[in-house]
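The values are calculated or read from the model by the stated rules, or taken from the named source; none is laboratory data. What you see is a predicted model; the values in this text were computed from it and never measured. Glycine also receives a Cβ, built like all others from the backbone with ideal geometry; neighbour counts cover every protein chain displayed. What goes into the accessible areas is simple: the full protein's heavy atoms, side chains included, and nothing from ligands, DNA or RNA. Shrake-Rupley method; radii C 1.70, N 1.55, O 1.52, S 1.80 Å.
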Amino acid sequence: MMSNLNKMAKRILNEIERFEYSSFMVGTILDSDIIEREDVIRSEFKVKGGEPIKSEITKELSRLIKRTNGRTISLNRPELNILVNTLLDEIEVSSRSIFLMGKYVKNKRGINQKKQRCKQCKSEGCKKCRFSGFMRVPSVENEIHKFLIKKFNANKVKISWIGSEDRNSLVKYNGRPFFAEVSSPIKRKALFREKKMNHGIIIKSVEILRKRPIIDQGFIMKAIVNFESNLKDTKRLERIEKYFSERDISIYSMNKNKYFTRRVRSIKLKKVSGKRFTVELICEGGINIKKLVSGENEQVKPNFRKVMRIKCSVDKIAPFDIHYVKVQESEKR
Ligand SMILES: [Zn+2]
């Protein structure tokens, strides 16, 4: 067992040297032996004062550590949590999660946004997926993951998306925002600049947040949609634009088995050539753009097909590109 607190403090300092942190907290798990032999231990550890031995040890260790590293002792939200377990003669160090908001751009079609679950093992882990549970195909998620793990020398990153795009969509300009929780970071003071990743993905910015973000915020987005239709009468374009201006759209959620509403702010239709049209669509997040155009299964109502009374279908190679995604302050929901 530890011969004295000074030695233990040194051991802790050695253990936490690799972490970046500005505040810390020490906790202890004492074996019953220590508590029973409190008097003996007091003299062995040279602990004075009348407080219970546990808090005396914790306090003294914190003081000794602070004397060397000069960091703040924080009992509320320490960046580093140090747990001394005398029972197992172990020091457990955990660092507080970092929450951040970033933005990415995607310049190449055919790249999934999210990691794809392994079809072979349904995410349980098998030889094919090298026991990761995910298919070994490129994705935005993978690239963000790699970037953040490296940046913070962390062991786990969890991404929360602000809407999703098609694998054949591009994400342009300032990019689509995302939230991430970085668990057990060793580094916390990372500097950011735009970073080109693989597969045409660029991490535009990363901003560290003060606290855990509220994830279910709504957002407004602008997309340029490419679709085909037999619409000949171009006079009708204006009428359709008018129809969809500030129009509430009813969307059926298969997962939740219920309807919810999102608003289309505006659409601008343009005939490109022959059957090809583009729509500049500004709407609230949560509308399935492909179904808004095609009217497939009537899950999005009203939809282009129904209003135009003509078959409409989104381009397969370049269905829609995201021009901006703006997170709304939580005014509703
Ligand atoms: Zn697998």
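Based on this model, can you work out whether Val307 counts as aliphatic (A, V, I, L, M), open to solvent by less than 30 Å² (accessible area, probe 1.4 Å) and not in a loop (DSSP other than H, G, I, E, B)? Answer is no for this residue. Pairing residues of segment 166-184 that are on the phi > 0 side of the Ramachandran plot with residues that are aromatic (Phe, Trp, Tyr) and surrounded by fewer than 19 Cβ atoms within 10 Å (Cβ to Cβ), at Cβ distances under 8 Å and at least 6 apart in sequence or on separate chains, gives Tyr173/Tyr324.
Residue-by-condition table, conditions (1) of a type outside the set (Gly, Ala, Ser); (2) open to solvent by less than 70 Å² (accessible area, probe 1.4 Å):
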{"residue": "Glu141", "(1), (2)": "yes, yes"}
{"residue": "Lys146", "(1), (2)": "yes, no"}
{"residue": "Ser169", "(1), (2)": "no, yes"}
{"residue": "Lys204", "(1), (2)": "yes, yes"}
{"residue": "Ile208", "(1), (2)": "yes, no"}
{"residue": "Asp216", "(1), (2)": "yes, no"}
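Conditions tested, residue by residue: (1) closer than 30 Å to Pro319 by Cα; (2) exposed (fewer than 15 other Cβ atoms within 10 Å of the Cβ).
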site: Ile57; (1), (2): no, no
site: Ser94; (1), (2): no, yes
site: Ser97; (1), (2): no, no
site: Tyr104; (1), (2): yes, no
site: Lys108; (1), (2): yes, yes
site: Gln120; (1), (2): yes, yes
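Residue pairs whose Cβ atoms lie under 8 Å apart, separated by 6 or more positions or on different chains, with the first residue in segment 108-134 and in the same structural domain as Gly163 (by TED's automatic domain parsing) and the second open to solvent by 100 Å² or more (accessible area, probe 1.4 Å) and small (Gly, Ala, Ser), do not occur. For segment 75-90, a residue qualifies if it is under 30 Å from the mean Cα position of the chain (by Cα) and open to solvent by 10 Å² or more (accessible area, probe 1.4 Å), and the qualifying residues are Leu75, Asn76, Arg77, Pro78, Glu79, Asn81, Leu83.
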